[in-house]
There are 2 protein chains.
Amino acid sequence: MSLFVMKFGGSSVGDTERMQRVAKRIAEKKEEGHQCVVVVSAMGDTTDDLIDSAKRLSDHLPAREMDMLMTTGEQISISLLSIAIQAIGHEAVSFTGWQAGFETEANHGSARILNIRPDRVIKALDAGKIVIVAGFQGMSEDGEITTLGRGGSDTTAVALAAAIKADACEIYTDVDGIYSTDPRIVKCARKLPSISYDEMLELANLGAAVLHPRAVEYAKHNSVRLIVRSSFTYNEGTVVEEESSMEQGVVVSGIAYDKNVARISILGVSDVPGVLAGIFGALAAERVDVDIIVQSGSQDGKADFSFTVNGAEAERALSVIESTRERVSYRELTSETDLVKVSIVGAGMVSHPGVAAEMFRVISDQGVSIKMVSTSEIKVSCVIEGEKVKDIIAALHTAYNLDTQEQAFVGGPQDRR
Amino acid sequence: MSLFVMKFGGSSVGDTERMQRVAKRIAEKKEEGHQCVVVVSAMGDTTDDLIDSAKRLSDHLPAREMDMLMTTGEQISISLLSIAIQAIGHEAVSFTGWQAGFETEANHGSARILNIRPDRVIKALDAGKIVIVAGFQGMSEDGEITTLGRGGSDTTAVALAAAIKADACEIYTDVDGIYSTDPRIVKCARKLPSISYDEMLELANLGAAVLHPRAVEYAKHNSVRLIVRSSFTYNEGTVVEEESSMEQGVVVSGIAYDKNVARISILGVSDVPGVLAGIFGALAAERVDVDIIVQSGSQDGKADFSFTVNGAEAERALSVIESTRERVSYRELTSETDLVKVSIVGAGMVSHPGVAAEMFRVISDQGVSIKMVSTSEIKVSCVIEGEKVKDIIAALHTAYNLDTQEQAFVGGPQDRR
């Protein structure tokens, strides 16, 4: 008997039929002799509908009341899922975030989990019940209902798995695992049987929207075994765990890309202390999310540097920088949009020199010039023009031996029934 | 400065526009310098929609999960109303039942309130905020979310008014007060400026569906001043309070009627101890709601008796009684449907003999025979055939001096703006 936390997203419980399918899936796990705690998101468009209602009433959406409003979405899901499970003959009980013991900061809209007291969850499990917990929500010390913000339900699942010492936390989603790259771009992309937390973190941050980075970090910190799998098939998913059990000899595990990147360059900046802090402090204050920052060598007391933001935020970023001109003197401000960031990720990189050079060669072979480079221990990112990105990703996929013919080696999709 | 509890039902907040109108109404009260606590029900059809979703998943609706599900309706209302109020420039804060301190029995679906600890409500009022509380819900000692069942939001409002010692509890509804009888039947029905708790209780039980009897009882027990008024007009409503402030000299305050009554008669019942308990115990066990019970004198050890039930339950009542035949011997079982119960209600009756006789005379003048009579200190009910009921109600209305010409005496509707 193992103890599983199973997390189902909003699209998995989008309507009555899907809800029943999820109920059946959970019942099967239970019938295999396991203990099940289920974390579920709001059904389909519920959250968006609730936000729309609020917007019809006000231009300003107060965070506390929005949390009060939005948490009803998950409360509806958990009660209906419990009813659906009971309808097929299993005992089930649903808990809101506060009932499941999620204590959070008071920071409405994106509260962090401070502590979990899962007494009621454990008691219900001990009584043989399937326990269903509302994702995305908790309660502050003052008894206020809070939400965890983006990726909240993934984080709920992982945190609960850590708190009740579950054997694994299964994230059910609409893809059947983590792929070496986007299968819509590279047909021979292969599903990874396993991946390390750090690789997953890089991939999650880099636009592979399957698992929220916050949840991955939580899982890494608490050594929670994560499994990403499909809620529609019985294929084996991808296990996210410590590197020890990783497949050997693989240098690059996956290739991620991020479309709609804008590069902003500030040229001839007076190289005095505090200048960088001034510029990026102003951007942070306006909540412009800056990704890569590159400074090129200073000369005559003047420096050039560039950074990337999401294309949608480029205009705003430019006007923020212009507004700092009184404090920060620079010669020129330029920007370039419709760029793409392509990244190779792999824990094996650390011990394999020349991995970045290979990437630069592949890109250059396509006649594309690299505009920015950023590296970490397990990642190399290049910002390039968007035009040839599909060819480049495919070429990288081949160059790093990721194409599907390798599947025999790593074990491919396998239909259990 | 007075402290008001204002209760708005589901139809008052049925859509965005109505929600905004209610917000404005509350803001006006606040701007007059009063403290406001608002109790609100689920929007329009929300509760029915939630029940429908559950029914699509299961034939059996587990009470605990249904409470979890249904309470989201009010949680949506309170947050949206708070947002609407904030949008027009007032500070507001919403509380769920448990946040407002409603402690109830664990009896899901119809939990009684055990205690209220309104600390957070009072604290928010002291901070100058408009407080919005979810009607119909509470929390059991075990931390389970419960609902109060029928009339729950009225009861929430009254109980909260008692707990925070409000100056009045205003029930906003789609009629502008309690009328001497149904204005759809008697054109000159008049709105009562005030009415006693006991009279209101009789009227509430007798089919004037404006205020739930449970809420009236709670108000009586805790001396909460109730005001029934319209959420659409600024007309003065009807005050429900102790008799002391009642208008003098009025014997009958109102005339109620209940359509679709069935009479069931059991003739020649062996008059042994426990027979009545056997029959009515069986009916209660099957949840058949029995209203009037009349036993006529016993003779030769045999008694006849009759009782009324709602017409829709007549068949079921008959089969329950037939099923008791092994234990209860009787000669004959008969029933009659499509009857109407007409009732006159008035606290003044106690000190005015002959009130019932007058009622009998009016009915007999219409050539209608009375099938059953039931009386209490402040009420006389007659069960009659339904055909001439409108004429009889109109005639009673005139006989007891309730027609609108009396309005000059008691003060009629008055438009405040």
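The values are calculated or read from the model by the stated rules, or taken from the named source; none is laboratory data. Computed from a prediction, not measured in an experiment: that's the story for all the values here. Note that we place each Cβ from the backbone using ideal geometry, even for glycine, and neighbour counts take in every protein chain shown. Accessible surface areas use protein heavy atoms only, side chains included; no ligands, DNA or RNA. Shrake-Rupley method; radii C 1.70, N 1.55, O 1.52, S 1.80 Å.
Outside any helix (DSSP H, G or I) and open to solvent by 80 Å² or more (accessible area, probe 1.4 Å) - does that describe any residue in the stretch B:300-317?
yes
Among the numbered criteria (1) more than 25 Å from B:M19 (Cα to Cα); (2) among the charged types (D, E, K, R); (3) outside any helix (DSSP H, G or I), which single criterion is violated by B:D176?
(1)
Filter the stretch A:330-345 for residues that are open to solvent by less than 60 Å² (accessible area, probe 1.4 Å) and in a loop (DSSP other than H, G, I, E, B) and give the result.
A:Y330
If I ask for residues that are open to solvent by 70 Å² or more (accessible area, probe 1.4 Å) and either at pLDDT 90 or above or not in a loop (DSSP other than H, G, I, E, B) (or both), which ones from the stretch B:208-235 would you list?
B:E217, B:K220, B:H221, B:S223, B:R225, listed by residue number.
When the residues of the stretch A:9-18 are filtered to those that are assigned to a helix (DSSP H, G or I) and open to solvent by 10 Å² or more (accessible area, probe 1.4 Å), which remaining residue is farthest from the other protein chains (Cβ to nearest Cβ)?
A:S11
Answer yes or no: is there a residue in the stretch A:144-153 that is at pLDDT 95 or above and open to solvent by 30 Å² or more (accessible area, probe 1.4 Å).
For the stretch A:144-153, residues at pLDDT 95 or above and open to solvent by 30 Å² or more (accessible area, probe 1.4 Å): present.
Does the stretch A:379-403 hold any residues that are touching a helix residue (DSSP H, G or I) at 6+ places or on another chain (Cβ under 8 Å) and open to solvent by 20 Å² or more (accessible area, probe 1.4 Å), and which are they?
A:K379, A:A395, A:A399, A:Y400
I'm checking my understanding of the structure. Among residues of the stretch B:59-99 that are within 7 Å of another protein chain (Cβ to nearest Cβ) and of a type in the set (G, A, S), which one is farthest from the chain's Cα centre (by Cα)?
Here the residue is B:A87.
It is to be established whether one or more residues within the stretch B:212-225 are out of contact with any Gly (no Cβ under 7 Å at 6 or more places or on another chain), charged (D, E, K, R) and without any contact (Cβ under 8 Å) to a residue 40 or more places away in the chain.
Yes - at least one qualifying residue is present in the stretch B:212-225.
Has the stretch B:112-131 got at least one residue that is under 22 Å from B:I51 (Cα atoms) and at pLDDT below 95?
Looking through the stretch B:112-131, at least one residue is under 22 Å from B:I51 (Cα atoms) and at pLDDT below 95.
B:E103 is checked against (1) more than 9 Å from chain A (Cβ to nearest Cβ); (2) closer than 22 Å to A:G138 by Cα; (3) outside any strand (DSSP E or B) and fails just one. What number does that condition carry?
Answer for B:E103: the failing condition is (3).
Of the residues A:G151, A:G135, A:G128, A:G143, which single one is small (G, A, S) and within 14 Å of another protein chain (Cβ to nearest Cβ)?
Just a single option satisfies the conditions, and that option is A:G143.
Determine, yes or no, whether B:L160 is under 23 Å from B:V22 (Cβ atoms) and either crowded, with 24+ Cβ neighbours inside 10 Å or of a type in the set (D, E, K, R) (or both).
yes
Would you point out which residue out of A:L333, A:L339 is closer than 17 Å to A:E385 by Cβ and in contact with an Asp or Glu (Cβ under 9 Å, 6 or more places away or on another chain)?
A:L339
Give the residue, chosen from B:V261, B:V251, B:V240, B:V288, that is modelled with pLDDT of 85 or more, part of a loop (DSSP other than H, G, I, E, B) and of a type outside the set (D, E, K, R).
B:V288 is the lone residue from the list that is modelled with pLDDT of 85 or more, part of a loop (DSSP other than H, G, I, E, B) and of a type outside the set (D, E, K, R).
Looking at the stretch A:125-142 only, could you name the residues that are of a type outside the set (A, V, I, L, M, F, W, C) and touching a residue at least 40 places away in the same chain (Cβ under 8 Å)?
A:G135, A:Q137, A:G138
Output the residue which, of all residues in the stretch B:264-285 that are surrounded by 19 or more Cβ atoms within 10 Å (Cβ to Cβ) and in a strand (DSSP E or B), is modelled with the lowest pLDDT.
Ranking the qualifying residues of the stretch B:264-285, first place goes to B:V269.
Would it be correct to say that A:V158 is among the hydrophobic types (A, V, I, L, M, F, W, C) and within 24 Å of A:A92 (Cβ to Cβ)?
yes
Show the residue pairs meeting these rules: Cβ distance below 8 Å; 6+ apart or different chains; first residue within the stretch B:26-53 and closer than 24 Å to A:M19 by Cβ and outside any helix (DSSP H, G or I); second residue open to solvent by less than 20 Å² (accessible area, probe 1.4 Å) and among the polar types (S, T, N, Q).
Filtered contacts from the stretch B:26-53: B:A42/B:S77; B:M43/B:S77.
Residues are listed down the side, and each one gets a yes or a no for (1) touching a His at 6+ places or on another chain (Cβ under 9 Å); (2) away from chain A (no Cβ under 12 Å); (3) surrounded by fewer than 22 Cβ atoms within 10 Å (Cβ to Cβ):
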position	(1), (2), (3)
B:L3	yes, yes, yes
B:K7	no, yes, no
B:V37	no, yes, no
B:D45	no, yes, yes
B:L50	no, no, yes
B:R56	no, no, yes
B:R112	no, yes, yes
B:I116	no, yes, yes
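Can you tell me which residue in the stretch A:318-329 is surrounded by the most Cβ atoms within 10 Å (Cβ to Cβ), limited to those that are part of a helix (DSSP H, G or I) and of a type outside the set (D, E, K, R)?
Across the stretch A:318-329, the extreme among qualifying residues is A:I321.
Suppose the filter is over 18 Å from A:T71 (Cβ atoms), over 14 Å from the mean Cα position of the chain (by Cα) and in a helix (DSSP H, G or I); does A:A166 pass it?
So A:A166 does not fit the description; no.
Out of the stretch A:19-35, which residues are surrounded by 18 or more Cβ atoms within 10 Å (Cβ to Cβ) and within 14 Å of chain B (Cβ to nearest Cβ)?
Of everything in the stretch A:19-35, those that are surrounded by 18 or more Cβ atoms within 10 Å (Cβ to Cβ) and within 14 Å of chain B (Cβ to nearest Cβ) turn out to be A:M19, A:Q20, A:V22, A:A23, A:I26, A:A27.
Yes/no matrix, rows are residues, columns are (1) modelled with pLDDT of 90 or more; (2) under 21 Å from B:K302 (Cβ atoms); (3) touching a helix residue (DSSP H, G or I) at 6+ places or on another chain (Cβ under 7 Å):
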residue: B:R316; (1), (2), (3): yes, no, no
residue: B:I321; (1), (2), (3): yes, yes, yes
residue: B:V328; (1), (2), (3): no, yes, yes
residue: B:S335; (1), (2), (3): yes, yes, yes
residue: B:K341; (1), (2), (3): yes, no, no
residue: B:V345; (1), (2), (3): yes, no, yes
residue: B:G354; (1), (2), (3): no, no, no
residue: B:A357; (1), (2), (3): no, no, no
residue: B:I363; (1), (2), (3): yes, no, yes
